[in-house]
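Working notes, structure below.
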Amino acid sequence: MVELRPSAEVHGTALAVLERQRRALREAGVPGELLLVGAASVEGGWTRGDVDLHLRVPAADFEAVRDRLGELLPVVHPGIWGPTLATFAVPGTPLPTGLALTPAGSEHDLRFTRCWQLLRADPRLLAEHEAVKRTATDEDYEQRKSASFDHLLRLWPQHPAGGGA
């Protein structure tokens, strides 16, 4: 089983990490909108105790920003990289911190923004997602969480948080 703790325990630290990284990116001339996503961004959620950041950039800037971040931050999970996703570690933070880069409007961008919006807006969906995480093992955690996100994206059009009925 994956060890989880209440997101309230890390939320304040996650917000401080977000603001510090926003300043660092701005000072480095990196454009885009940096968001806190992940379980630390959800009141009442459960987290592994890490911080997930999402940098959304205009599609035309994606490659240049990806290359610039590669100069500034360690690359992580290069095997999952693609035309709309690059992932980095943010060193020197009080909690393990990752940064995902996506072009705004891309599949990966919508996955990050919409799924976490739904989880923050709907306690029932949050409970379903948390149940998936609680029953996952270290070996299948990422796969099961991804399947949960696939489910959330299918709900988006008709969910009130998604602008549906």
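Just to check your reading of the model, which residue among Gly44, Gly49 is of a type outside the set (Asp, Glu) and over 18 Å from Cys115 (Cβ atoms)? Give the derivation first.
Details: Gly44 fails: over 18 Å from Cys115 (Cβ atoms).
After applying the criteria, what remains is Gly49.
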Take the stretch 116-165 and flag every residue that is surrounded by fewer than 16 Cβ atoms within 10 Å (Cβ to Cβ) and outside any helix (DSSP H, G or I).
Thr137, Asp138, Glu139, Asp140, Gly163, Gly164, Ala165
What is the residue count in the stretch 84-139 for residues that are in contact with a Lys or Arg (Cβ under 8 Å, 6 or more places away or on another chain), of a type in the set (S, T, N, Q) and more than 24 Å from Leu4 (Cβ to Cβ)?
1
Residues (in a loop (DSSP other than H, G, I, E, B) and either charged (D, E, K, R) or modelled with pLDDT under 95 (or both)) located in the stretch 78-104
none
Checking Asp67 against (1) at pLDDT 95 or above; (2) surrounded by 15 or more Cβ atoms within 10 Å (Cβ to Cβ), the condition it does not meet:
(2)
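So which of Val75, Val132 is more than 23 Å from Leu34 (Cβ to Cβ), more than 15 Å from the chain's Cα centre (by Cα) and without any contact (Cβ under 8 Å) to a residue 24 or more places away in the chain? Let's see the steps before the verdict.
Values: Val75 fails: more than 23 Å from Leu34 (Cβ to Cβ).
None of the others qualify; the one that does is Val132.
Evaluate the following for Arg22: is it charged (D, E, K, R) and touching an Asp or Glu at 6+ places or on another chain (Cβ under 7 Å)?
In short, no.
The values are calculated or read from the model by the stated rules, or taken from the named source; none is laboratory data. What you are looking at is a predicted structure, and each value in this text was computed from that prediction instead of being measured. Because the Cβ atoms are built from the backbone with ideal geometry, glycine has one as well, and the counts that use them run over all protein chains shown.
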